[in-house]
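A quick write-up on the structure given underneath.
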Amino acid sequence: MSEPAESSPPPGGAELTGADLARSALRAARAQARQRGEQVREKREAKRHGLRSGARSDGRDPVPLGAALNRLLTERGWESSAAVGGVMGRWSQIVGPDIAAHCQPSSYDDQTAVLTVQCDSTAWATQLRWLARQLVARLNHELGHGTVRSIKVLGPAAPARGYGRLRAPGSKGPGDTWG
């Protein structure tokens with residue numbers, strides 16, 4: 001069926017009646033239907049190409065904060081650093097209150113996977129060196145396999161040796177004295 005040609009308003013400004021009025025109403029209805037059809041088609045295209053969220057989840061939906069942080073840590077490669085940071089905060093829970101009272105973790109090297117621990121006495125440093133294998137196993141159980149390969153134990157920091165009257169000129173340390 002072909003659309004009738006548009007007719008111009010009757011000469012003399014007369015009002016439309018009968019068939020002319022019906023043609024005018026039909027044209028208006030077709031234009032509205034065409035417009036609604038375009039809107040429906042645009043909505044379908046938007047759904048198909050992901051421009052609109054629907055009943056199913058997609059990447060734009062809200063995510064719990066913990067899941068978002070885990071995704072960020074994974075994307076940036078910060079898992080081991082964050083895990084070791086957690087060890088620093090939970091040290092007394094992991095190693096026990098006795099060891100935690102005398103030994104504190106001081107640093108962690110990502111490349112070598114070495115955790116450095118500072119002890120407040122040489123006796124505790126020696127004790128921690130004996131327990132190092134067990135601590136590495138416990139830390140890897142908590143953090144994931146291979147996160148900590150070894151523990152470097154440091155004893156208490158020795159006081160700086162002052163220069164006394166009997167110091168040999170050009171000496172290099174406390175063991176280098178007269179003689």
So, with points 7 Å from each Cα along the Cβ direction, the residue 44-residue 129 label distance in nm works out to 7.8
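Please give the contour-minus-distance gain from residue 101 to residue 74: 0.36 nm per residue of separation, less the Cα-Cα distance, rounded to one decimal in nm. Mind showing how you got there, number by number?
On the way: separation 27, 0.36 × 27 = 9.72 nm, distance 3.33 nm.
Full extension of this stretch gives 6.4 nm more.
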In nanometres, the difference between 0.36 nm per residue of separation and the alpha-carbon distance of residue 120 and residue 145 is 6.1 nm
Taking 0.36 nm per residue of sequence separation and subtracting the Cα-Cα distance, how much length would be gained by fully extending the chain between residue 67 and residue 20, in nm to one decimal? 10.4 nm
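Values quoted throughout were computed directly from the atomic coordinates according to the rules given, and no laboratory measurement underlies them. The model shown is predicted, which means the values in this text are computed figures rather than measured ones. Note: ideal-geometry Cβ built from the backbone for every residue, glycine included; neighbour counts use all protein chains shown.
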